[in-house]
1. Where in the range 42-86 does the amide nitrogen come within less than 15 Å of the point 7 Å from the Cα of Glu123, taken along Cα to Cβ?
2. Give me the distance between the Cα centres of the range 19-91 and the range 110-164, rounded to whole Å.
3. Could you check how much of the accessible area of the range 115-197 is carbon and sulfur, as a whole percent, using a 1.4 Å probe?
4. Within the set of other residues whose C-beta is less than 14 Å from the C-beta of Ala158, count the net charge using Lys and Arg as +1 and Asp and Glu as -1.
5. Can you pull out the trypsin sites (Lys or Arg not before Pro) in the range 1-107 whose DSSP state is coil and whose Cβ has at most 14 other Cβ atoms within 10 Å?
6. Write down the accessible area per residue of the range 1-135 in Å², having rolled a 1.4 Å probe over the full set of protein chains.
7. Report the equivalent ellipsoid semi-axes for the range 112-154 in whole Å, largest first, defined as the square roots of five times the eigenvalues of the gyration tensor built from alpha carbon atoms.
8. Quote to one decimal, in nm, the extra length available between Thr80 and Thr175 on full extension: 0.36 nm per residue of separation minus the C-alpha distance between them.
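The values are calculated or read from the model by the stated rules, or taken from the named source; none is laboratory data. Source: prediction; values computed, not measured. Positions of Cβ are generated from backbone atoms using ideal geometry, with glycine treated the same way; all protein chains shown enter the neighbour counts. Surface areas here come from the heavy atoms of the whole protein model, side chains and all, with no ligands, DNA or RNA. Shrake-Rupley method; radii C 1.70, N 1.55, O 1.52, S 1.80 Å.
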Amino acid sequence: MDVRRADERYPGGDPKAGIESWHAFSFGPHYDPDNLRFGAIIACNEERLAPGAGFDEHPHSHTEIVTWVVEGELTHRDSTGHESVVRPGDVQRLSAGGGVRHVERNAGPDPLVFVQMWLAPLEPGGNPAYEVVPGIADSTPYAVAEAGAMLHVRRLTAGERTAVPDAAYAYVHVTRGEVALGEAELGVGDAVRLTGE
């Protein structure tokens with residue numbers, strides 16, 4: 001059980017442009033050869049975008065990109081013609097396949113907070129694909145078959161308990177509140193990497 005605290009994340013983004021990013025894995029100029037991936041996960045970024053801020057068009061390939069909106073609204077557009085607004089509780093998946101370009105912006109009036117995970121596909125290449133699952137229900141698993149991964153959302157009330165799904169690799173990320181996991185007390189932005197637990 002490997003606990004990673006929020007303040008151990010690598011800072012990124014462009015605060016002057018209204019973009020604040022916090023990276024859980026080796027990313028960009030923050031190269032750490034001992035922190036390149038965990039199971040299928042190669043990135044888990046917390047992003048905060050001020051109204052009007054965003055990421056201009058940029059490329060991705062051979063990556064499964066899953067975005068969980070926590071607060072605000074994310075406007076997405078990609079080179080395959082998909083345009084959408086992703087709201088709190090929604091899950092967005094962009095399968096980059098052999099290559100795709102996209103834009104992510106906060107076109108709304110309120111601050112935007114989202115968690116974005118990048119997963120390595122089992123097989124590189126293929127055609128890009130896109131979907132949004134609106135208002136995914138609590139405890140509903142979301143399969144990313146291309147990466148051999150199963151993702152879960154838990155919205156616990158005070159005092160409520162839940163089991164962490166059994167898997168060779170389990171990654172737990174806290175977006176709100178406080179959670180006890182074993183002996184660890186976790187807060188917003190904290191994460192735990194479980195192997196063989």
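1. So the set is 62-63.
2. 13
3. Ligands and nucleic acids excluded, carbon and sulfur give 53 percent.
4. +2
5. Listed in order of number, the matching sites are Arg5, Arg37.
6. Each residue of the range 1-135 exposes 48 Å² on average to a 1.4 Å probe.
7. 21, 13, 11
8. 31.1 nm
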